Amino acid sequence: MGEVITEIGLENTSDRENFRRDLIPENQIRSLKTAAVVDTGARMLMLPQDMVERLGLRELRKAIVTYADGRKEERIVAGTVTVQVGEREAEVPCIVGPPAGEVLLGQVPIEIMDLVVDCAQQTIGPRPESPFLPMMRA
């Protein structure tokens, strides 16, 4: 069993919507690619503060975050960010972590994109039952 790290794309969801409305050119959509630790023990996407600032994400609210070691801390929740893994995307808020910290991809975006984590093979990818589009329960 090992740590799963994957490359993800991040994009300011509001910028993309402003482009669709012809309010900004496509080259002004703030986006980046980065490595992320796939953390099925975490619920949300966590991005370092400097990355949140580069993406221009705004503060939505605050939340109490519980870390793996049991510590609790008030953190900012920002968004909305579009996260992409392979061909799958999810629009989610993110927890703002310390500057230059790790990017954590938690369970909520993983489930929205209908991805499966294989710790033994250290991979993340589409669920075999839904190879082309995410499958969602209604």
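The values are calculated or read from the model by the stated rules, or taken from the named source; none is laboratory data. Keep in mind it's a predicted model, so treat the numbers as computed, not measured. For neighbour counting, all protein chains shown are included, and Cβ atoms are generated from backbone atoms with ideal geometry for every residue, glycine included. Accessible surface is based on the protein model in full, side chains and every heavy atom, while ligands, DNA and RNA are left aside. Shrake-Rupley method; radii C 1.70, N 1.55, O 1.52, S 1.80 Å.
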**Request:** Please go through region 1-28 and pick out each residue that is assigned to a helix (DSSP H, G or I), within 19 Å of residue 88 (Cα to Cα) and open to solvent by 40 Å² or more (accessible area, probe 1.4 Å).
**Result:** 14, 16, 17
**Prompt:** Out of the residues in region 29-47 that are among the aliphatic types (A, V, I, L, M) and in a strand (DSSP E or B), which is farthest from residue 120 (Cα to Cα)?
**Reply:** 32
**Message:** Among the residues of region 87-111, what is the count of those that are over 23 Å from residue 68 (Cα atoms) and either crowded, with 19+ Cβ neighbours inside 10 Å or among the aliphatic types (A, V, I, L, M) (or both)?
**Reply:** 2
**Failed condition for residue 50, given (1) in a strand (DSSP E or B); (2) out of contact with any helix residue (DSSP H, G or I) (no Cβ under 7 Å at 6 or more places or on another chain); (3) open to solvent by 50 Å² or more (accessible area, probe 1.4 Å)** = (1)
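If I ask for residues that are in a strand (DSSP E or B) and either open to solvent by 100 Å² or more (accessible area, probe 1.4 Å) or in contact (Cβ under 8 Å) with a residue 12 or more places away in the chain (or both), which ones from region 58-71 would you list? Outline the logic, then answer.
Quick first cut of region 58-71, residues in a strand (DSSP E or B) only: 58-66.
Selection gives 58, 59, 60, 61, 62, 63, 64, 65.
Consider residue 33 carefully, then state whether it is in contact with a strand residue (DSSP E or B) (Cβ under 7 Å, 6 or more places away or on another chain), open to solvent by 100 Å² or more (accessible area, probe 1.4 Å), touching a residue at least 12 places away in the same chain (Cβ under 8 Å) and of a type in the set (Lys, Arg).
Numbers: in contact with a strand residue (DSSP E or B) (Cβ under 7 Å, 6 or more places away or on another chain): yes; open to solvent by 100 Å² or more (accessible area, probe 1.4 Å): yes; touching a residue at least 12 places away in the same chain (Cβ under 8 Å): yes; of a type in the set (Lys, Arg): yes.
The answer is yes for residue 33.
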**Number of the exception - residue 134 against (1) over 20 Å from residue 14 (Cα atoms); (2) assigned to a strand (DSSP E or B)** = (2)
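Please go through region 72-120 and give me each residue that is outside any strand (DSSP E or B), under 11 Å from the mean Cα position of the chain (by Cα), of a type outside the set (Gly, Ala, Ser) and farther than 17 Å from residue 54 by Cα, ordered by number. Show your work before the answer.
Kept after step one, since they are outside any strand (DSSP E or B), are these residues of region 72-120: 86-87, 98-103, 106-114, 119-120.
Applying the additional criterion that residues be under 11 Å from the mean Cα position of the chain (by Cα) yields 103, 106-110, 112-113.
Restricting the remaining residues to those that are of a type outside the set (Gly, Ala, Ser) gives 103, 107-110, 112-113.
The answer is 107, 108, 109, 110, 112, 113.
Report whether or not residue 117 is touching a Ser or Thr at 6+ places or on another chain (Cβ under 6 Å), surrounded by fewer than 19 Cβ atoms within 10 Å (Cβ to Cβ) and either within 22 Å of residue 16 (Cβ to Cβ) or at pLDDT below 95 (or both).
yes
Suppose we filter region 88-111 for residues that are without any contact (Cβ under 8 Å) to a residue 12 or more places away in the chain and either touching a Lys or Arg at 6+ places or on another chain (Cβ under 9 Å) or hydroxyl-bearing (Ser, Thr, Tyr) (or both); how many remain? First the steps, then the outcome.
Kept after step one, since they are without any contact (Cβ under 8 Å) to a residue 12 or more places away in the chain, are these residues of region 88-111: 111.
Filter once more, keeping what is either touching a Lys or Arg at 6+ places or on another chain (Cβ under 9 Å) or hydroxyl-bearing (Ser, Thr, Tyr) (or both): none.
Number of matching residues: 0.
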